[in-house]
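A.B. asks: The structure that follows is given in the form of structure tokens.
The values are calculated or read from the model by the stated rules, or taken from the named source; none is laboratory data. What you are looking at is a predicted structure, and each value in this text was computed from that prediction instead of being measured. In this analysis, Cβ positions are derived from the backbone assuming ideal geometry, glycine residues included, and neighbour counts consider all displayed protein chains. Ligands, DNA and RNA are stripped out before the accessible areas are found, and what is left, the full protein with its side chains, is counted by its heavy atoms. Shrake-Rupley method; radii C 1.70, N 1.55, O 1.52, S 1.80 Å.
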Amino acid sequence: MVTNTPTVTPCKYTVYLGPVINPKTSTHFDALPNGLIIVDSRGNIVCLRENLPRGPGLQDALAQIGLPDGTYTLVKLEPGEFIMPGLIDTHIHACQLPNLGLGGDYGLLEWLKIYTYPAERKFSEIDYAARIYPEIVKRIINSGTTTSCYYGTLHLEATKLLADIVRKKGQRAFVGKCNMDRNCPSDYIEPSAKVSRETTELLVTHIQNLPQSSAGEPLVHPVITPRFAISCTEELLTSLGEYAKANPHLAIQTHISENQQEIKKTLELFPDCTSYAGVYDKYNLLRRNTILAHGVYLTDEEMKLIAQKGAGVSHCPASNFYLGSGMARARKLLEHGVKVGLGTDVSGGNSPSLLYAIQMASNTSKMVAILPNEGGKKFDAAMLLYLATLGGAEVCCLRDRIGSFEQGKAFDALLVNVRDDSGNPAVWGHDLAEGEIPEKKVLKEWLERFFFCGDDRNIRQVIVQGSVIGGRGFRG
């Protein structure tokens, strides 16, 4: 059900009128054919209502709840459009976008050596980073991603620039500089654990000093980013763990159990640990605001440990298929009480669009479901919507701010167009007459069409904290 509407004080509001999709749990979402969302000047949601009168009666109805004419801007959705929460990408390497589509015939460790490290090394040139990063962030935003968990390179200045660009463009994000002081190429490795820690602290300070959002809170957050256990000495992991312990509010992101060869190498490097998850736990890097990418081969005991620590997993099915890593058991993670969101894992994943990750998550669930002892239940639209929105918000420890439309939350949203005039040949448009309200069943079908056939052509606006920052209708 929708929330009760409080009385609002006269000031400038934006009122969105039209169909609304709003996730509630992993098994249910509200489809409101005649919805209305009021957003205040700070970009926060005042209330969500449904079934207010259309036409002349709307002005009177708004006045009755405290919005007299002249205090708001009305955004009336066109027929064949709906609003949903913005997509949350819990794992993406911004620096790897220029490498999309390369190296798919290699496994993870070979792919890193042959394609990824050479591509990331280019960001040592700040002019290159200044030329590339703005276009990268623009493409990701226009794909419908309102929140990204970004990995930069090991370069401090380039990663500071990435954070600056993300903030300037108005996207919500976590930005981290990779920590990597062993098992990397000689021309792409940090000189010591000490330097790695120091540059991490400098990046954290830089990001914390970026301008706050219109709601008076950070829009871009720093995140401690040990690349993966293989690339970090025990000295570095110890130092990062101490820094994390002294700063419990700082998020942590890294990789875990993506590839069998990677797992074997990790356990060889840390012989006193019995599991990959145990490595991070040993160094105090496993906690409620830790984001673990992949988790393809996590054991039941590791899942229990991750759940106990309150950490989350970024399910990256596109990457796991593209690099032949395997199929993560996302439903089993959820059953163990682990928080789960979706990640594109560009450029292990071969698309910056979380819509493609949604499609691959669906396919993965179907394949896992037919395996013995896996429950036999594939993901439906409610689960996919949850993973891409509320689930991702939980993984980022931002559920109280984003992931759904609720009173007091930030208005991070997509305005989606499933009409024929979107230009997407895969979406068979459902054009309605002016003023016609879709049935609830039809609105749910629109969501499915968008998930399985949609792309950036179907995204008219990308909205973060109440401000339009991208989409086909954006002219910024």
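A.B. asks: Where a Cα-Cα gap under 12 Å defines reach, which aspartates and glutamates qualify for residue 339, not counting those fewer than 8 residues away within the same chain?
C.D. replies: The qualifying aspartates and glutamates are 394.
A.B. asks: Additional query: Using the charge dipole of the chain (Lys, Arg: +1 at Cβ; Asp, Glu: -1 at Cβ; taken about the Cα centre), state which of 320, 146, 295 has its Cα farthest towards the positive end.
C.D. replies: Positive-most Cα among the choices belongs to 146.
A.B. asks: Helix-only mean residue ellipticity at 222 nm, the chain, DSSP H runs n ≥ 4 weighted -39,500 (n - 2.57), per residue, nearest 500. What is it?
C.D. replies: Computed ellipticity for the chain at 222 nm equals -10000 deg cm²/dmol.
A.B. asks: A follow-up question, please. Remind me, what semi-axes does the chain give for its equivalent ellipsoid, largest first in whole Å, using sqrt of 5 times each Cα gyration tensor eigenvalue?
C.D. replies: After scaling each eigenvalue by five and taking roots: 38, 24, 20 Å.
A.B. asks: State, as an integer percentage, the relative contact order of segment 30-146 based on alpha-carbon contacts under 8 Å between residues 6 or more apart.
C.D. replies: This gives 18 percent for segment 30-146.
A.B. asks: While we're on this one: At 1.567 mPa s and 4 °C, plugging the Kirkwood radius over alpha-carbon pairs of segment 399-473 into Stokes-Einstein gives what diffusion coefficient in µm²/s?
C.D. replies: 95
A.B. asks: Which value, in debye to the nearest 20, describes the size of the charge dipole of segment 238-287 about its Cα centre when Lys and Arg Cβ atoms bear +1, Asp and Glu Cβ atoms bear -1, and nothing else is charged?
C.D. replies: About 100 debye.
A.B. asks: Taking 0.36 nm per residue of sequence separation and subtracting the Cα-Cα distance, how much length would be gained by fully extending the chain between residue 272 and residue 439, in nm to one decimal?
C.D. replies: Full-extension gain reported as 54.2 nm.
A.B. asks: While we're on this one: Taking only pairs that are 8 or more places apart or on different chains, how many Lys pairs in segment 114-251 have Cα atoms under 13 angstrom apart?
C.D. replies: Lysine pairs satisfying the spacing and distance rule in segment 114-251 number 4.
A.B. asks: Jot down the per residue volume, in cubic angstrom and as a whole number, of the convex hull over the alpha-carbon atoms of segment 188-315.
C.D. replies: 122
A.B. asks: If you average 1/r over all unlike Cα pairs in segment 274-426 and invert the result, what Kirkwood radius do you get in angstrom?
C.D. replies: 16.4
A.B. asks: A further question on this structure: For Cα pairs less than 8 Å apart in space and 6+ apart in sequence, what is the mean separation divided by the residue count of the chain, i.e. the relative contact order in percent?
C.D. replies: 21
A.B. asks: Using only alpha carbon pairs under 8 Å that are at least six residues apart, calculate the relative contact order of segment 94-188 and give it in whole percent.
C.D. replies: 30
A.B. asks: Hey, another quick one. Would you work out what percent of the accessible area of segment 243-315, with all protein chains in place, is carbon or sulfur (probe 1.4 Å)?
C.D. replies: 50
A.B. asks: Over segment 269-344, with the other protein chains present, what is the accessible area per residue in square angstrom, probe 1.4 angstrom?
C.D. replies: Spelled out: the 1.4 Å probe surface of segment 269-344, per residue, equals 32 Å².
A.B. asks: Can you compute the modelled spin-label distance between residue 128 and residue 42, with each label point 7 Å from Cα toward Cβ, in nm?
C.D. replies: 4.3
A.B. asks: Residue 249 versus residue 369, label points 7 Å from Cα toward the beta carbon: distance in nm?
C.D. replies: For the pair residue 249/residue 369, the computed spacing is 4.3 nm.
A.B. asks: Another question, if that's okay. Quote the charge dipole size of the chain about the Cα centre in Debye, to the nearest 20; the model charges only the Cβ of Lys and Arg (+1) and of Asp and Glu (-1).
C.D. replies: Charge dipole, the chain, about its Cα centre: 380 debye, nearest 20.
A.B. asks: Segment 181-249: D in µm²/s via Stokes-Einstein (Kirkwood Rh, Cα pairs, 37 °C, 0.692 mPa s)?
C.D. replies: Estimated via Stokes-Einstein, D reaches 246 µm²/s.
A.B. asks: Still on this structure: Taking +1 at the Cβ of each Lys and Arg and -1 at the Cβ of each Asp and Glu, which of 101, 270, 73 sits farthest along the dipole of the chain towards its positive end, judged by Cα position relative to the Cα centre?
C.D. replies: Final value for the positive-end residue is 73.
A.B. asks: Let me know the charge dipole size of segment 106-173 about its Cα centre in debye, to the nearest 20, where only the beta-carbon of Lys, Arg (+1) and Asp, Glu (-1) is charged.
C.D. replies: Computed about the Cα centre, the dipole is about 280 debye.
A.B. asks: With a 1.4 Å probe and every protein chain kept in, tell me what percent of the accessible surface of segment 431-476 is carbon plus sulfur.
C.D. replies: After summing per-atom areas, the C and S share lands at 45 percent.
A.B. asks: Still on this structure: Quick one: pull the percent of accessible area on segment 1-152 belonging to carbon and sulfur, 1.4 Å probe, ligands and nucleic acids left out.
C.D. replies: Carbon and sulfur together cover 51 percent of it.
A.B. asks: Continuing with the same structure: For segment 177-232 and segment 244-278, write down the distance between their C-alpha centroids in whole Å.
C.D. replies: 17
A.B. asks: So, one more: Which residue, chosen from 44, 116, 82, occupies the Cα position most advanced towards the positive end of the dipole of segment 31-118, where the dipole is computed from +1 (Lys, Arg) and -1 (Asp, Glu) charges on Cβ about the Cα centre?
C.D. replies: Checked the options; the winner is 44.
A.B. asks: Expressed in nm to one decimal, what extension gain is obtained for the pair residue 27 and residue 195 from 0.36 nm per residue of sequence separation less their Cα-Cα distance?
C.D. replies: Result: 55.9 nm gained on full extension.
A.B. asks: Same structure, new question: Just to confirm the number: angle between the C-alpha axis of helix 126-142 and the first principal axis of the chain, 0 to 90 degrees, nearest 10?
C.D. replies: In the chain, helix 126-142 runs at an angle near 40 degrees to the longest axis.
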